[in-house]
Amino acid sequence: MQYHAEVTIELKSGMLDPEGTTIKRALEHLGYQTESVATAKKYMIELDAESADSAKQMVDEMCQKLIANPIIHNYTIELGESK
């Protein structure tokens, strides 16, 4: 069966986010008041697996081995069947 996974990678609380800080500052210069701005990356992955559990496990392994740095990142996985 084919699955579609959306992986969102975010910095852990307390990690510096210079891109988010720069965007927040620029928005304030444009007159927008913001509490905070944080950056995140989203990956869309299509994969074949025998079950949803197997697909989620494979994507989790991908995140741990390559996509995310578990020391500085948190990640979430949303999984669904491809149409």
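The values are calculated or read from the model by the stated rules, or taken from the named source; none is laboratory data. Predicted, not measured: the structure shown is a model, and the values here were computed from it. Every residue, glycine as well, gets a Cβ built from its backbone with ideal geometry; the counts of neighbours run over all protein chains shown.
Things worth noting here:
- E61 fulfils the conditions (1) of a type in the set (D, E, K, R); (2) free of Cβ contacts under 8 Å to residues at least 12 places away in the same chain; (3) touching a strand residue (DSSP E or B) at 6+ places or on another chain (Cβ under 6 Å) except for a single criterion, (3).
- Enumeration of residues in region 1-40 that are surrounded by 13 or more Cβ atoms within 10 Å (Cβ to Cβ) and either modelled with pLDDT under 95 or basic (K, R) (or both): K24
- So K83, is it free of Cβ contacts under 8 Å to residues at least 12 places away in the same chain, assigned to a loop (DSSP other than H, G, I, E, B) and among the charged types (D, E, K, R): yes
- Among all residues of region 37-54, there is at least one that is within 23 Å of P18 (Cβ to Cβ), aliphatic (A, V, I, L, M) and touching a helix residue (DSSP H, G or I) at 6+ places or on another chain (Cβ under 7 Å).
- Scan of region 1-41 for residues that are of a type in the set (A, V, I, L, M) and in contact with a Lys or Arg (Cβ under 8 Å, 6 or more places away or on another chain), ordered by number: A5, V7, I9, V37
- Residue in region 44-65 that is surrounded by 13 or more Cβ atoms within 10 Å (Cβ to Cβ) and farther than 30 Å from E81 by Cβ present: no
- Among residues of region 8-42 being part of a helix (DSSP H, G or I) and among the polar types (S, T, N, Q), the one that is nearest to E78 (Cα to Cα) is T21.
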